[in-house]
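Report on the following structure.
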């Protein structure tokens, strides 16, 4: 009888870099990151550039993209590490019916970045476009419920950004037009009442 080989990879905390794009003085996310992990906080012209430069600056095998206003616990991070492998991106689910993740928290091996290239350095939607490329290259997206991570409440971004994001994605990937329209409309309708987009 053949011995079964486990696909589980032991990922050490000191081999993880958290990349946080922000222009804020207070970065609430730092309180949740284990001390063993590396952290790179960048203030660049766009979040896409900040994330790209953070990856270039990092030396670890594993990368986590995180917003500056989230909170998570050890149980969540341990679960992410158990799900992670070199052929996938683990993160928080986007707004239904989106098959993609959101950059509030994403975790992946640096070889994913090296294979599909950097994020587009645009104002909005760069993480979705990057994930589309990842899927087309054969990487699996492993989504976790958005409420797995606490998102500190803040003002909702203008719907103009959502519209620009939609037009840009359709221009790049016309085969996704129907799905993209459904996703953006659903997010515009539902997220306005979401607790994460209310005044503090």
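Just so you know, all these numbers are worked out from the coordinates, no wet-lab data involved. Keep in mind that this is a model prediction, so the values were computed, not measured. FYI the Cβ positions are ideal-geometry reconstructions off the backbone, even for glycines, and counts take in every protein chain you see.
Table for the structure above
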quantity: Conditions (1) out of contact with any helix residue (DSSP H, G or I) (no Cβ under 8 Å at 6 or more places or on another chain); (2) closer than 21 Å to residue 11 by Cα; (3) not in a helix (DSSP H, G or I); number of the one not met by residue 115; calculated: (3)
quantity: So residue 64, is it closer than 25 Å to residue 132 by Cβ and in contact with a strand residue (DSSP E or B) (Cβ under 9 Å, 6 or more places away or on another chain); calculated: yes
quantity: Hey, residue 96 in contact with a strand residue (DSSP E or B) (Cβ under 9 Å, 6 or more places away or on another chain) and touching a residue at least 24 places away in the same chain (Cβ under 8 Å) or not; calculated: no
quantity: Any hit, the range 100-112, residues being in a helix (DSSP H, G or I) and touching a helix residue (DSSP H, G or I) at 6+ places or on another chain (Cβ under 8 Å); calculated: yes
quantity: Meets criteria (under 20 Å from residue 34 (Cβ atoms) and either touching a strand residue (DSSP E or B) at 6+ places or on another chain (Cβ under 8 Å) or outside any loop (DSSP other than H, G, I, E, B) (or both)) for residue 89; calculated: no
quantity: The one condition in (1) in contact (Cβ under 8 Å) with a residue 40 or more places away in the chain; (2) crowded, with 19+ Cβ neighbours inside 10 Å that residue 83 fails to fulfil; calculated: (2)
